[in-house]
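Undergrad: Encoded as structure tokens, here's the structure I'll be asking about.
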Amino acid sequence: MTTLAGRLLVADSSTRQMTLRSGSIRINDGRIADVTLNDDAITTTDGFRPLTPGELIVCPGFIDAHLHLSQFGIIGAHGLPLLKWLDQVTFPAERSWQDENFAREMTRSVLTQLLSFGTTSFCGYTTVHHDSAIAALEVASQMGFRGMIGQVLMDRNAPTDLCRETNRLIDEAAETLKRFPPTSEMAAAVTPRFAITCSPQLLESAGALAAEHNAAIQTHLAETKQECARVAELFDSARYVNVYQDAKLLTPRTILGHGIHLDALDRQTLATQGAVIAHCPTANRFLGSGQMNRQALDQAQVNVVLGSDIGAGYERSMVSVARAAIGTAASLGNTPPTAASAWYDITAGTADALGWDDVGQLRQGYRADVVVIQPDFTTQMQGHDSIIDPLSQLMFAWDDRWVKQTYLRGQSVWGG
Ligand SMILES: [Zn+2]
């Protein structure tokens, strides 16, 4: 039995915000055995109890809803728009994954990096290489992560050695689902890269395969205007969202990266189908893709989660990604999310949107995927209530060195 005490990051599902409460959790056999809270929730009108130096903050592990395991080595290839960046940087890097052992070792290395940033769950893409996708699933599973990984499906408009014959890809994707079914804690996901690199037959077969297995689906949507124009050329001027809808790829278990260049009708389609958008603000800024209008998606009742989108994204920390999402909303002139709701986004909110009912919160019976944080900034107004929300202080003064220890299924796997 392990006990962690301090101030707990506790989810309030009714307001979709996190609050900080004094208390402790006990961990037994990989799960949270119980949660004890010693104070009442504090609201802005009460004034906030300031953070005190040395105080420990116990958080549910962070969830990254969109990343590319094969792209950690190309973070920082700046100055290219999406389609050129794919051709000149990404596809060459993804060739390395034809070596299964390379893929296995790289997965181990990048997942260890994620733990050091407090990320304990993720939705990841690999490459077109089947054995490497299986190897990545094995490593993530053995390390104890929660989430999903998909073998990238591409049968056209990419280098020929990174394309596969359509039926072979579907057979391989089916094999990943057999080995790591959707009910697994680390599951395979059906992952057509995006409409440009997938024939209509591949998209349709991928949709049918996902339906057959009730599997999660990952793909990209409307990241750049140039990409949208290319999709219109390839698919008889169809709306981008309808290309996916027609292939039965829009479901409540679908996570679409980006969704920047959408109109009201597109948003309505996404809401009706229950598909989830993975907002990746750092990657969007890096490639100059545009700024996603989160407020418009919220108003249309489209579920939105946050992703690092490494390697176009350059931040491995989900706290930094959450902060960037606040910045994007502010720069569009929208009402930005509060820090308390941004903390919710990278924990309970994503778990909720993805239907994961065992992570994202410090809650009895949940997996003990936990991050212990020790902020070191100097407190002000010692002994008095503060007018500054400590969750806002934590997010905006964030320093990755504050992550002191990360637990997966109750085991200390980083720091300590
Ligand atoms: Zn991506």
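The values are calculated or read from the model by the stated rules, or taken from the named source; none is laboratory data. Quantities reported herein were computed from a predicted structural model and do not represent experimental measurements. Backbone-built Cβ (ideal geometry, glycine too); neighbour counts: all protein chains shown. Surface areas here come from the heavy atoms of the whole protein model, side chains and all, with no ligands, DNA or RNA. Shrake-Rupley method; radii C 1.70, N 1.55, O 1.52, S 1.80 Å.
Undergrad: Could you list, ordered by first residue, the pairs with Cβ atoms under 9 Å in which the first is in region 213-227 and assigned by TED's automatic domain parsing to the domain that holds residue 203 and at positive phi and the second is part of a strand (DSSP E or B) and near the ligand (Cβ under 9 Å from one of its atoms), at least 6 apart or interchain?
TA: 222/258
Undergrad: Looking at (1) open to solvent by less than 30 Å² (accessible area, probe 1.4 Å); (2) farther than 19 Å from residue 216 by Cα; (3) part of a helix (DSSP H, G or I), which one does residue 104 not meet, given that it meets all the others?
TA: Of the numbered conditions (1) open to solvent by less than 30 Å² (accessible area, probe 1.4 Å); (2) farther than 19 Å from residue 216 by Cα; (3) part of a helix (DSSP H, G or I), the odd one out for residue 104 is (1).
Undergrad: Output the residues belonging to region 43-82 that are small (Gly, Ala, Ser), within 15 Å of the ligand (Cβ to nearest atom) and either closer than 19 Å to residue 400 by Cβ or modelled with pLDDT of 95 or more (or both).
TA: Hits for region 43-82 are 65, 70.
Undergrad: Is there any pair linking a residue in region 263-281 that is more than 16 Å from the ligand (Cβ to nearest atom) to one that is part of a helix (DSSP H, G or I) and open to solvent by 50 Å² or more (accessible area, probe 1.4 Å), with Cβ under 7 Å and at least six apart or on different chains, and which?
TA: So the pair list comes out as 269/245; 273/245.
Undergrad: Identify, from the list 310, 373, 387, the residue that is hydrophobic (A, V, I, L, M, F, W, C) and farther than 28 Å from residue 106 by Cα. Please lay out each step first, then the result.
TA: Numbers: 310 fails: farther than 28 Å from residue 106 by Cα; 373 fails: farther than 28 Å from residue 106 by Cα.
Residue meeting the stated conditions: 387.
Undergrad: Among 212, 204, 227, which is the only one that is of a type in the set (Asp, Glu), open to solvent by 10 Å² or more (accessible area, probe 1.4 Å) and more than 21 Å from residue 137 (Cα to Cα)?
TA: Details: 212 fails: more than 21 Å from residue 137 (Cα to Cα); 227 fails: open to solvent by 10 Å² or more (accessible area, probe 1.4 Å).
Exactly one of 212, 204, 227 is of a type in the set (Asp, Glu), open to solvent by 10 Å² or more (accessible area, probe 1.4 Å) and more than 21 Å from residue 137 (Cα to Cα), namely 204.
Undergrad: Go over the candidates 37, 4, 56, 8 one by one and state the one that is more than 27 Å from residue 355 (Cα to Cα) and aliphatic (A, V, I, L, M).
TA: Working: 37 fails: more than 27 Å from residue 355 (Cα to Cα); 4 fails: more than 27 Å from residue 355 (Cα to Cα); 8 fails: more than 27 Å from residue 355 (Cα to Cα).
Result of the check over 37, 4, 56, 8: 56.
Undergrad: Please list, ordered by residue number, the helices (runs of 4 or more DSSP H) wholly in region 236-304 having 2 or more residues that are surrounded by fewer than 23 Cβ atoms within 10 Å (Cβ to Cβ) and of a type in the set (Asp, Glu).
TA: In region 236-304, there are no helices (runs of 4 or more DSSP H) which contain 2 or more residues that are surrounded by fewer than 23 Cβ atoms within 10 Å (Cβ to Cβ) and of a type in the set (Asp, Glu).
Undergrad: Residue 112 is checked against (1) within 16 Å of residue 253 (Cβ to Cβ); (2) open to solvent by 30 Å² or more (accessible area, probe 1.4 Å); (3) part of a helix (DSSP H, G or I); (4) among the polar types (S, T, N, Q) and fails just one. What number does that condition carry?
TA: Among (1) within 16 Å of residue 253 (Cβ to Cβ); (2) open to solvent by 30 Å² or more (accessible area, probe 1.4 Å); (3) part of a helix (DSSP H, G or I); (4) among the polar types (S, T, N, Q), the lone unmet condition for residue 112 is (1).
Undergrad: Could you list, in sequence order, all residues of region 184-201 that are under 24 Å from residue 228 (Cβ atoms) and open to solvent by 40 Å² or more (accessible area, probe 1.4 Å)? Before the answer, list the steps.
TA: Taking region 184-201 and keeping what is under 24 Å from residue 228 (Cβ atoms), we get 189-201.
Across region 184-201, the qualifying residues are 200, 201.
Undergrad: Evaluate the following for residue 316: is it out of contact with any Gly (no Cβ under 6 Å at 6 or more places or on another chain), basic (Lys, Arg) and more than 16 Å from the ligand (Cβ to nearest atom)?
TA: On the way: out of contact with any Gly (no Cβ under 6 Å at 6 or more places or on another chain): yes; basic (Lys, Arg): yes; more than 16 Å from the ligand (Cβ to nearest atom): no.
The answer is no for residue 316.
Undergrad: Assess whether residue 344 counts as being closer than 22 Å to residue 123 by Cβ, aromatic (Phe, Trp, Tyr) and within 16 Å of the ligand (Cβ to nearest atom).
TA: Numbers: closer than 22 Å to residue 123 by Cβ: yes; aromatic (Phe, Trp, Tyr): yes; within 16 Å of the ligand (Cβ to nearest atom): no.
Here the answer is no, as residue 344 does not meet what is asked.
Undergrad: Scan region 83-106 for residues that are away from the ligand (no atom under 16 Å from the Cβ) and under 20 Å from the mean Cα position of the chain (by Cα) and jot them down.
TA: Of everything in region 83-106, just one residue is away from the ligand (no atom under 16 Å from the Cβ) and under 20 Å from the mean Cα position of the chain (by Cα), namely 106.
Undergrad: If you don't mind, another one. Which ranges mark the strands (runs of 3 or more DSSP E) fully within region 310-416 that have 2 or more residues being open to solvent by 10 Å² or more (accessible area, probe 1.4 Å)? Break it down into steps so the answer makes sense when it comes.
TA: Values: elements: 370-373, 403-408, 411-415.
Hits in region 310-416: 403-408, 411-415.
Undergrad: Every residue in region 115-150 that is open to solvent by 10 Å² or more (accessible area, probe 1.4 Å) and within 15 Å of the ligand (Cβ to nearest atom), please.
TA: Once the filter is applied, which keeps residues that are open to solvent by 10 Å² or more (accessible area, probe 1.4 Å) and within 15 Å of the ligand (Cβ to nearest atom), region 115-150 yields only 148.
Undergrad: What's the number of the only condition in (1) at pLDDT 95 or above; (2) touching a Gly at 6+ places or on another chain (Cβ under 6 Å) that residue 38 fails to meet?
TA: (1)
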